[in-house]
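What follows is one structure encoded as structure tokens, with my remarks underneath.
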Amino acid sequence: SPESAADALSAMNQMIDAMLTLARLSSQPLARQPVNLSQLAGYVVDDLRRHAPDRDAEVTIEPGMQTTGDPTLLRLVLENLLGNAWKYSGRTARARISFATELIDGRRVYVVRDNGAGFDLRFADKLFGLFQRFHSAREFPGTGVGLATVQRIIRRHGGRIWAESQPGQGATFRFTLWEPTAARP
């Protein structure tokens, strides 16, 4: 039908855009400036709420999360991680999403957590691969490029990302970014 052909074309265009973004991420020089991640996350959540005004989701963002990095790319990280948390908790009666920090082995770790659909961790090694999807596009739309993009940006910021989840139990994504090394006396 013409409608499904248009949908397929639209999905292909989204995928091509995502691939071009991914390619640019590897070549663009990285801006290094102070970034308020709490504020960026607030903007992302405001956007999500604007597009789904009827959605009842409790979102908490730890205040004062500051880092150094490329604000455009870090916003892309938060758009993907918070956007996924928002999307995959969409069928949860009382959706809860949080973005905060934890200290692990003396390092600051950023944590995005939701109580949504979750996924099977047996496939976690594929999670950050291109076009990997654990839910059907009909169930949860997307291109399968988001987490590959997120991982590339975080690696370019000297960090790493990993996930914990169980089907039906929500998902937790943790990531690090470079931290300024302590000044040596």
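The values are calculated or read from the model by the stated rules, or taken from the named source; none is laboratory data. Keep in mind that this is a model prediction, so the values were computed, not measured. Counting neighbours? That spans all protein chains shown, and the Cβs are built from the backbone with ideal geometry, glycine included. The protein model used for the area step is the full one, side chains on, heavy atoms only, and it has no ligands, DNA or RNA in it. Shrake-Rupley method; radii C 1.70, N 1.55, O 1.52, S 1.80 Å.
Scanning the stretch 74-102 for residues that are in contact with a strand residue (DSSP E or B) (Cβ under 6 Å, 6 or more places away or on another chain), more than 20 Å from Arg156 (Cβ to Cβ) and in a helix (DSSP H, G or I) returns a single hit, Ala85.
Against the numbered list (1) within 22 Å of Ala117 (Cα to Cα); (2) at pLDDT 95 or above; (3) open to solvent by 40 Å² or more (accessible area, probe 1.4 Å); (4) in contact with a helix residue (DSSP H, G or I) (Cβ under 8 Å, 6 or more places away or on another chain), Gln66 comes up short only at (1).
Return the residues of the stretch 153-178 that are aromatic (Phe, Trp, Tyr) and open to solvent by 50 Å² or more (accessible area, probe 1.4 Å); say none if nothing qualifies. Passing the criteria: only Trp162. Residue count for the stretch 62-103, restricted to those that are touching a Ser or Thr at 6+ places or on another chain (Cβ under 9 Å) and of a type in the set (Phe, Trp, Tyr): 1. In this structure, Pro53 does not satisfy being in contact (Cβ under 8 Å) with a residue 12 or more places away in the chain and surrounded by fewer than 16 Cβ atoms within 10 Å (Cβ to Cβ).
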